[in-house]
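Read the structure below first, then the notes.
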Amino acid sequence: MPEPVADRPYEPVIGLEIHVQLATRTKMFCGCALSFGEEPNTRTCPVCLGHPGVLPTVNAQAVHFALMIGLALGCEIAPRSLFHRKNYFYPDLPKGYQISQYDVPLARNGALGDVRIHRVHLEEDAAKLVHAGASGRIHGAAGSVVDFNRGGTPLVEIVTEPDLRSAAEASEWLRLLRATLRRMGVSDVNMEEGSLRCDANVSIRPAGEATLGTKAELKNMNSFRFLQRGIDAEIARQEQVVRGGGTVTQETLHFDPVTGDISSLRSKEEAHDYRYFPEPDLVPLAPTEAMLSRADDALPELPAARAERLERDLELAPETARLLAFRGELGDFFEAAVAAANGGGDGAVAGPRALASWVTVELVPRLGDTEPTESPVTPEALAKLAGMVSAKAVSQSAAKQVLDVMAIDGGDPEALIVERGLGMAAADELGAIVDGAIEQNAAAVEQIRSGNEKAIGAIVGAVMRETKGRADGGEVQRMIRQRLTVDG
Amino acid sequence: MAARASDEALSLTAAAAVERIAAGELSGAELFDLYRERAGNEDLGAFLWLSEAAADVPADAPLGGVPLAVKDVFCVEGVPSTAGSRILHGYRPPYTATAVERLAAAGAPMLGKTNMDEFAMGSSNENSAYGPVANPWDRERVPGGSSGGSAAAVAAGLAPWAIGTDTGGSVRQPASLCGIVGLKPTYGAVSRYGMIAFASSLDQCGPLTRDVTDAALLFRHMVGCDPCDSTSLDYPAEVPLPTAERLDGVRFGAPPELTGEGIEPGVLEVFNRVRTTIEELGGEVEDIALPHTAHGLAAYYVLAPAEASANLSRYDGVRYGMRAGDGDLLSLYEETRAEGFGDEVKRRIMLGTYALSSGYYEAYYGRAQRVRTKIAEDFRAAFERVDLVLTPTSPSVAFRLGERTSDPLSMYLSDYCAVPMSLAGIPAISIPGGLSDGLPVGIQLAGPAFSEPRILDAAHALERAVGFTGEPWRA
Amino acid sequence: MIERDQVLHVARLGRLKLSEEEVERMALELSSVLDHIEKIGELQLDGVEPTSHVLPLENVLRDDVPRASLPRDRALAEAPEPAGGGFGVPSPGGEG
Ligand SMILES: [Mg+2]
Ligand SMILES: [Zn+2]
């Protein structure tokens, strides 16, 4: 006998719908250059303004990028897909319909990680409606102004199956998708600027049940933080509704990241009836072998595969491997450093794990907002520095000081070490300093001799102070013990 | 002397005028001025706008500077382009239609814009927001539509030739009712870029001319793939001028579905005379079944309005054209469109929106698309046996102004014989076959895709044998 | 027979404001046309492919090469209500 529903835990079921602006040079259906913050309505033509008599023409590069995305997400590519017209009136939609794909999308049935991809299709972006406020009043009424620069930008819409079970999972998966798209170079994938936009379909159901609850659609969460908070808030809202004996209604919602409130986005004065029908101005897309292999050849190693390889072949920790793989430029830097270390030849070299640590733990905080490619530190220089540490030619702490300098001014680590006298203290110099420290710390020597091993720290500290960190702590300890044993 | 010379120049077919110009006996500019003056004094309501002066055309341009009347459905940069609608009153496009551009480049400068049924929706030209057009054969009668202005202008000698658009008969039917030649090309032969859309999968631009040779000559310079129109194709070869005088060995099929019931007796009489003429010229005419064409009109009145309902959504008062409303967005849309569109356009938007709306798509749109498939198959099967299909162009001669305006269905029926070819995307020509009660009757010849040269040749032979000399403006 | 409610619903979808008289007339006219159209319901069309296009074309694509856009003045020249470098419209509110 099933438990009363109100007492059972609820399981969230989440699917995502992602719109990706493609990084083509021109719009989806006309030759206007894409807009990057130009003055309003300076990137328009009769086609993207929807003038009478114009016809759309399909951007080949957009199709190429869409095929790459379909293949990267492991989808089946439709042998023949159609464009449809999706009819509705809105001021940001110049033709009164959006050209999109409907019952036969370009690609379907794929997966990225553990999340299945329902479909991938091509469409055109809407224009931007700017609410002008009081200053823009038109004929006394509060008005808005339409800027068609963005209208017609190529979009790929990616729809997942409802395979996500928490806001954190959703956000984590979206990061993987973003890293993947970014790696492919098909989009700027900038959430703040709107080149990656995410809607979430959220429902809840009693844990263990197979049927889906009624979903609500959360619109346009423009950062990972908002996505996570929005979904969490919506899950909480639905639980409250259901536990209060109510039912969730299917609606489109807006999450306000400032107040945390969720509000209904549209007044439902009429049910949507998009009256889809095949776009008669365009012919079908039937990707040829040549188109498919060109798209396939253009695919780089994708982040998920790269993380796996770094973990498997270079024995990096999973977290480190993912960090390097998801931030592709960092991964490239790391792999260049590994290659430099392996090609270096003479002397001890730093292994991949050590290099990974140098990149992720030491270099990343020193980069700030810049990309590694823009840093004065080259992968070769970092590999050399790490190699000198491994060869005990420089201490860990002195090497960090060297990296501080390199991160600002660049330069060769070996030269910097010499110039600043940061190399390891030579054996005879170090021996003299150790002898001096033993002499000056009679009390500590006494304690060590009476069995308090920890007292050695005071002498090591004195040596390190004297050498300004140019000595290896383990080596210093070894020398102290040796001297005290021999003497005693 | 001067008057006789100008009458003579105006009586030339376009092809003859091109020859005169090439020989240095006439100039394109002279001819333009003569027509410009004639068209400026017309009282049929055929023109909505006239060019001030001809562009400079070199005498050796293939079309010599012979001016062209252009249906107002074509966008021409900076020139009022209304598609016969109030909603586009004052609209001056920022670009020019490919067909107009190509013809101008070939030496056919625009004489003016001709009147038409609003958004090409109509068969009588009575749906123009700028008034009806009178048929030059009888001013109490309609010129047909939707290219009524172009047809009347050519029939009345106000222009040597014209272009129009044909979605379900809009070139052929007015050509038939005005006693001239009208060619609807293979879908895709002529670019649609810049043609204000009615039903995109059916719309095609075609010539309206005094004779078959002129149609071939104009058509030759209209065709070709346009990078701005994804549904346009390269024409297989240059379009030859027709030369045939006999029809020996040419097989014609007359479908009972389009040559019997519903056709006026006077029209049938002319049709049967032409049938005999064909046989006299050595051609064979047999009955050939096109069983699904009887359903063509029904399918057409789903598909065309459905596409039109979307094509006309852009007229919303935001970016161009007229605007109405009381300050909120819904009223901007609803009132702009209520005031801007005429009755027939509203009817088609309603019909098309209904046919596409949730729950009705399969029953209407889906079925109509399948009927379309069957009609195309009927034609394909027919062309296995015959070279050309022969029908009357329209079931009736020109009807009286106002006679059918209150009964949409009776109006729609005047395209009964023309619509199946549009649905199949195949070319068809209408040529005058004779008179019935003093009014012209058009005969339609249709062939497989890209068979225009064959159609034009047969039409040429038939035209000479029929000897139609209708020139109402000379009477 | 098409009902008055359906006429109003379809008119709203198509953003057409109809007068009382037009609603009445439209119901009658559409019904008569639909009666004719519905004859295609009698045809046997199972297994027949729909034709949305008569052309044998596929993959008609345009190279991704920018072309000049319109000067802004020209883009706005036809606008009934240009405003602030754009096309003025009443704010959407509940419409959408
Ligand atoms: Mg979308
Ligand atoms: Zn554009």
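The values are calculated or read from the model by the stated rules, or taken from the named source; none is laboratory data. Every value quoted in this text rests on a predicted model; they were computed, and no experiment measured them. Glycine also receives a Cβ, built like all others from the backbone with ideal geometry; neighbour counts cover every protein chain displayed. All accessible areas refer to the heavy atoms of the entire protein, side chains included, with ligands and DNA or RNA removed. Shrake-Rupley method; radii C 1.70, N 1.55, O 1.52, S 1.80 Å.
Of note:
- Part-to-part distance (alpha-carbon centres) for region A:146-196 and region B:9-63, which is given in Å: 59
- Rounded to the nearest 0.05, the FRET efficiency derived from the C-beta distance between A:Glu11 and A:Arg80 at R0 = 45 Å is 0.70.
- Spacing of the two label points (7 Å from each Cα toward its C-beta) at B:Glu261 and A:Thr259, in nm: 6.8
- Under 17 Å from the C:His36 label point (7 Å along Cα→beta-carbon), backbone N, region B:164-197: B:167-170, B:173-174
- Chain C and chain B together bury an accessible surface of about 5200 square angstrom, both sides counted, with a 1.4 Å probe and no ligands or nucleic acids included.
- Per residue, the solvent-accessible area of region A:101-227 (1.4 Å probe, heavy atoms of protein chains only, all protein chains present) comes to 39 Å².
- Fraction of beta bridges assigned by DSSP in the protein assembly as shown that are antiparallel (%, nearest 5): 85
- Helical segments meeting 30 Å axial Cα length and Kyte-Doolittle 1.0 threshold in chain A (DSSP H): none
- Cβ-Cβ FRET estimate between A:Glu172 and B:Arg92, R0 fixed at 41 Å, reported to 0.05: 0.15
- Distance from region A:354-386 to region B:257-277 (C-alpha centre basis), Å: 89
- Packing, as the average of other Cβ atoms within 10 Å across residues, places the peptides A:457-465, B:190-198 in the order B:190-198, A:457-465, highest first.
- Per residue value of the accessible surface for region B:292-375 (all protein chains in place, 1.4 Å probe), Å²: 20
- A loss of 50 Å² or more of accessible area (1.4 Å probe, protein heavy atoms, ligands and nucleic acids excluded) relative to the isolated chain is seen in these residues of region B:86-100: B:Pro94, B:Tyr95.
- Inter-part distance, region B:102-125 to region B:187-252, computed on C-alpha centroids, equals 15 Å.
- Accessible carbon and sulfur surface of the protein assembly as shown relative to its total accessible area, %, 1.4 Å: 49
- Chain B, Cα convex hull volume normalised per residue, Å³: 135
- In chain A, the DSSP beta bridges split such that about 95 percent are antiparallel, to the nearest 5.
- Cα shape, the protein assembly as shown, gyration tensor, a/c 1.5 rule: prolate
- Projected label distance in nm at B:Glu25 and B:Asp437, using a 7 Å step from Cα toward the beta-carbon: 4.2
- Rounded to 10°, Cα long-axis angle of helix C:4-13 versus longest principal axis of chain C: 20
- Hull volume in cubic angstrom per residue (convex hull over the Cα atoms of region A:10-297): 152
- Residues in region C:6-45 reached by a label modelled at B:Leu409 [backbone nitrogen below 13 Å; 7 Å Cα→Cβ]: C:28-40
- Residues of type lysines that A:Lys400 reaches as a straight line, Cα spacing below 24 Å, ignoring anything fewer than 8 places off in the same chain: A:Lys384, A:Lys392, A:Lys468
- Computed with a 1.4 Å probe over protein heavy atoms only, the accessible surface of region A:329-450 comes to 49 Å² per residue.
- Spin-label pair B:Asp60/C:Glu58, simplified geometry with 7 Å Cα→Cβ offset, distance in nm: 4.6
- q = 0.10, 0.14 Å⁻¹: log10 I(q)/I(0) that the Debye formula gives for chain A, counting C-alpha atoms only: -0.90, -1.34
- Shape call, region B:188-315: gyration tensor on alpha carbons, a/c limit 1.5: oblate
- Seen through its C-alpha gyration tensor, with square-root eigenvalues sorted a ≥ b ≥ c, region C:12-96 comes out oblate because a/c lies at 1.5 or above while a/b is not bigger than b/c.
- Within chain A, longest stretch clear of exposed chymotrypsin sites (Phe, Trp or Tyr not before Pro) (DSSP loop, no more than 16 other Cβ within 10 Å): A:89-488
- Based on DSSP H segments of at least four residues, each scored -39500 (n - 2.57), chain C has a per-residue ellipticity at 222 nm of -11000 deg cm²/dmol.
- Around the amide H of A:Val115, modelled in the peptide plane, lies no amide H under 5 Å away from a residue 5 or more places distant or on another chain.
- Note that region B:292-375 shows a convex hull volume over its alpha carbon atoms of 94 Å³ per residue.
- Percent of beta bridges antiparallel (DSSP, chain B, rounded to nearest 5): 70
- Accessible area buried by the pairing of C and A, both sides summed with a 1.4 Å probe, works out to roughly 3800 Å².
- Relative contact order of chain A, defined on C-alpha pairs under 8 angstrom at six or more residues apart (%): 14
- FRET E, pair B:Glu339, C:Arg4, Förster distance 30 Å, beta-carbon r, rounded to 0.05: 0.85
- Near-label residues of region B:276-302 by backbone N, under 17 Å of a point 7 Å along Cα→Cβ of B:Arg385: B:284-294
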